[in-house]
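Contents: one structure, followed by commentary.
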Amino acid sequence: MKGQLNIDFILAVTLFIISILFISYRVMQNAFLMRSEVDKEQKRLLGYAISTLIIFDKGYPEYWNSLDNVQKFGLSLSPYTLSRDKLNAINNCSYENYNKIKNLLSVPIENDFLLIITNQYNEPIYKCGVEHKLREIIWVRRFAILDGNIVKINLGIY
Amino acid sequence: MKGFIKILEVVLSLLLIFGILPFFTSFSKSNEEWDNALLSLSLRDILISLDKSGILKSYIVSGNLNELKNYISSLLPANVMIEIYINGIPKNVIKIGCNCTLEEKIRLERSLGIYFSEDYTFSLRGRIIRLEFLNTSEIEKMGNADVIIFFGCRDLSKYLNYLDEGKAFIMIGNDICEEKIFNITLRDGSVSSYSQINSNSLEPFRIGEYFIDVPIRIYNNSNFWIKDISHSLYVCIDNNSLPCIRIDNLPQEHHIGDTVIIDGTRIKIRDIDADESDGRVFADISIIDRNYNFYLPNPYPGIEANEKTILKTLNGFSFAQLNYFITQHGNGRAVWIKDFGEERKDFGELLKSIILWASEERFKTETQKINKNFIETYYLVSGIFESEPYLIRLIAFYIY
């Protein structure tokens, strides 16, 4: 009959619309997840690169002890041995000093970092960086020596 | 009918779409690989830091691997378990099971220079090593042993699980049996009475390294052998009140640290105890020539030398054989050595070296059930001075 919709047609269109909606939802969900994972991977890689610099690089001048005169960032005395003077220089860093370190490390503008060095019992002994409550942080944990004791380097990247 | 076909078409097409689409839209995360990679990095960092700070060496010298395990675990997340295996150095406390009579046990102890309870302990490359004999002579009850020693033949077919546990068998005797385990092959021919430590294969070479470092205890007024000649040793005190020794009643006095040449063989004096108050007056000496000639008056039957020969004659016979990677899982060690007699302290020095080598495989933490998704990290500590080269194998896995 003209002007009347066939029940088969209605059913087919309904199923078609449901499937399109479902597929769209899945594609968007996965795209979001993928973006989030790529973001995490970039943060991990950035964190790893910075942690390597912290552990292996002395910086320049080699025995710098103040952020005023440092030209290249690095916190070690020798590979896996951190310098107490350099850590003292960055401890509880101000925004100005944080930005100076961020600039020396070439950290992208959209990222921030938080460096916390703890002893064997997870008690913080040095800290420098910024904290964001709403942004996701990815941690990279490394180990090194400070004055003959093992310390944990916790580097968080936002 | 027509409508039914349409619905069937839609259902089929939907099945196709839902079947194929996940291949294009699914996104698999690789969290586990990242977790393992970061854990592996942490383990390597920890081992390097422990080594550079000297903490690792202190744990190895004390031999307490379980404390090292606790220390490393305290640095790792709570859901990570670890196991530690040390390759290349002997245990600090070597548990010996002597499957033998009381007379044989005393004979074994005399061969090793053990006369008093204090003699079970000796110094090797900056470490204190202790030989601890189990209280049982029954092989069935030697589950705790690192090394099981016996004189003459035994049927070992029921105890192959011991090899899988990393234990070692040492057979002392001239009889031939369990050829496969001990890597023995009979050979006819004239056997020379002199043999040297085989330096052409790694494991015999390593036993040779222990041989020149391990001390053997000689008590005052007793004899020791160099090749086929017995020599007497007297402990003395020189004019400066320093402890000394004299050999074969000769007037020369030798002190701790001296190297003496006897019959063309270099002997190092490692320690002298001249204090008579405890009734123990002795000298700890070592033959330090790698090419020292071991003399055996009756070398028969002839055993063919091969790459696992410890003592090799110039005409290709063996006085001592070793074997390793014996079971199908690649575990276990075994040594067969001819019976030189308890008075032969050169043989005792070699036997001590063999026990050290045989105990190496059991230098590890108490093994628990390891998750199949474990990761492994190797770290090599190179030997300098009194330390020694060794390899640390660290296994780690997440428990949840």
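The values are calculated or read from the model by the stated rules, or taken from the named source; none is laboratory data. Bear in mind that the values here come from a model prediction, so they are computed numbers and not experimental data. Cβ coordinates were reconstructed from backbone atoms using ideal geometry, including for glycine residues, and neighbour counts include every protein chain displayed. Heavy atoms of the whole protein, side chains included, go into the accessibility calculation; ligands, DNA and RNA do not. Shrake-Rupley method; radii C 1.70, N 1.55, O 1.52, S 1.80 Å.
Just to be sure before I move on: is A:Y80 closer than 28 Å to B:S13 by Cβ, within 14 Å of another protein chain (Cβ to nearest Cβ) and at pLDDT 85 or above in the structure I sent?
no
Just checking: which of the strands (runs of 3 or more DSSP E) contained wholly in the range A:51-158 hold 3 or more residues that are open to solvent by less than 70 Å² (accessible area, probe 1.4 Å)?
Values: elements: A:76-78, A:113-118, A:124-129, A:138-146, A:149-157.
Correct list: A:113-118, A:124-129, A:138-146, A:149-157.
So for the range B:294-306 (the condition being under 18 Å from the mean Cα position of the chain (by Cα) and open to solvent by 10 Å² or more (accessible area, probe 1.4 Å)), does at least one residue qualify? Walk me through how you get there before you give the answer.
Here is the first cut: in the range B:294-306, the residues under 18 Å from the mean Cα position of the chain (by Cα) are none.
No, the range B:294-306 contains no residue that is under 18 Å from the mean Cα position of the chain (by Cα) and open to solvent by 10 Å² or more (accessible area, probe 1.4 Å).
Taking A:V27, is it open to solvent by 60 Å² or more (accessible area, probe 1.4 Å) and of a type outside the set (F, W, Y)? Judged against the criteria, A:V27 is a match. Assigned to a strand (DSSP E or B) and within 32 Å of the chain's Cα centre (by Cα): is that true of B:S232 in this structure? Taking the combined requirement at face value, the residue satisfies it. Of the candidates B:I247, B:I256, B:I237, the single residue that is more than 30 Å from the chain's Cα centre (by Cα) and open to solvent by 40 Å² or more (accessible area, probe 1.4 Å) is B:I237. Residues in the range B:348-382 that are aliphatic (A, V, I, L, M) and at pLDDT 85 or above: B:L350, B:L351, B:I354, B:I355, B:L356, B:A358, B:I375, B:L380, B:V381.
From the list B:R217, B:R266, exactly one residue is basic (K, R), in a strand (DSSP E or B) and open to solvent by 40 Å² or more (accessible area, probe 1.4 Å). Which is it? Spell out the reasoning first.
Details: B:R217 fails: open to solvent by 40 Å² or more (accessible area, probe 1.4 Å).
Among B:R217, B:R266, only B:R266 is basic (K, R), in a strand (DSSP E or B) and open to solvent by 40 Å² or more (accessible area, probe 1.4 Å).
Every residue, every condition in (1) in contact (Cβ under 8 Å) with a residue 24 or more places away in the chain; (2) within 11 Å of chain B (Cβ to nearest Cβ), yes or no:
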| position | (1), (2) |
| --- | --- |
| A:L11 | no, yes |
| A:I17 | no, no |
| A:F22 | no, yes |
| A:L67 | yes, no |
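Scanning for something within 19 Å of B:R44 (Cα to Cα) and not acidic (D, E), does the range A:100-107 turn up at least one residue?
Scanning the range A:100-107 turns up no residue that is within 19 Å of B:R44 (Cα to Cα) and not acidic (D, E).
Among the residues of the range B:138-166, those identified as surrounded by 13 or more Cβ atoms within 10 Å (Cβ to Cβ) and closer than 10 Å to B:I96 by Cα are B:M142, B:A145, B:D146, B:V147, B:I148, B:I149. Scanning the range A:106-158 for residues that are in contact with an Asp or Glu (Cβ under 7 Å, 6 or more places away or on another chain), more than 9 Å from chain B (Cβ to nearest Cβ) and at pLDDT 95 or above yields a single hit, A:L114.
Looking for something of a type in the set (D, E, K, R) and assigned to a strand (DSSP E or B) - is there at least one such residue anywhere in the range B:246-263? Let's see the steps before the verdict.
First, the residues of the range B:246-263 that are of a type in the set (D, E, K, R): B:246, B:248, B:253, B:258, B:263.
Then keep just the ones that are assigned to a strand (DSSP E or B); that gives B:246.
Yes, some residue in the range B:246-263 is of a type in the set (D, E, K, R) and assigned to a strand (DSSP E or B).
Can you name every residue in the range A:30-50 that is among the aliphatic types (A, V, I, L, M), more than 7 Å from chain B (Cβ to nearest Cβ) and open to solvent by 50 Å² or more (accessible area, probe 1.4 Å)?
First pass over the range A:30-50, keeping only residues among the aliphatic types (A, V, I, L, M): A:31, A:33-34, A:38, A:45-46, A:49-50.
With more than 7 Å from chain B (Cβ to nearest Cβ) added as a condition, the list becomes A:31, A:38, A:45-46, A:49-50.
Passing the criteria: A:A31, A:V38, A:L45, A:A49.
Among the residues here, B:G208 does not qualify as exposed (fewer than 15 other Cβ atoms within 10 Å of the Cβ), touching a residue at least 12 places away in the same chain (Cβ under 8 Å) and either at positive phi or assigned to a helix (DSSP H, G or I) (or both). The residues of the range B:74-86 that are more than 7 Å from every other protein chain (Cβ to nearest Cβ) and touching a residue at least 12 places away in the same chain (Cβ under 8 Å), listed by number, are B:L76, B:N79, B:V80, B:M81, B:I82, B:E83, B:I84, B:Y85, B:I86.
For the residues B:S382, B:S359, the requirement of being loosely packed, with under 13 Cβ neighbours inside 10 Å and within 17 Å of B:I60 (Cβ to Cβ) singles out B:S382.
Take the residues in the range B:307-322 that are among the hydrophobic types (A, V, I, L, M, F, W, C) and either on the phi > 0 side of the Ramachandran plot or open to solvent by less than 10 Å² (accessible area, probe 1.4 Å) (or both), then tell me which one is nearest to the chain's Cα centre (by Cα). Steps first, please.
To start, the set of residues in the range B:307-322 that are among the hydrophobic types (A, V, I, L, M, F, W, C) comprises B:310-311, B:314, B:317, B:319-320, B:322.
So of that shortlist, the ones also either on the phi > 0 side of the Ramachandran plot or open to solvent by less than 10 Å² (accessible area, probe 1.4 Å) (or both) come out as B:310-311, B:317, B:319-320, B:322.
Numbers: B:I310: 15, B:L311: 18, B:F317: 25, B:F319: 20, B:A320: 16, B:L322: 12 Å.
Once the filter is applied, the top-ranked residue is B:L322.
The condition of being acidic (D, E), modelled with pLDDT under 95 and over 19 Å from B:V214 (Cα atoms) holds for only one of B:E276, B:E253, that being B:E276.
Please list, ordered by residue number, the strands (runs of 3 or more DSSP E) wholly in the range B:130-205 having 1 or more residues that are more than 20 Å from B:S359 (Cα to Cα).
B:194-197
For the criterion of being within 23 Å of B:G341 (Cα to Cα), touching a residue at least 24 places away in the same chain (Cβ under 8 Å) and either open to solvent by 20 Å² or more (accessible area, probe 1.4 Å) or of a type in the set (G, A, S) (or both), B:F122 fails.
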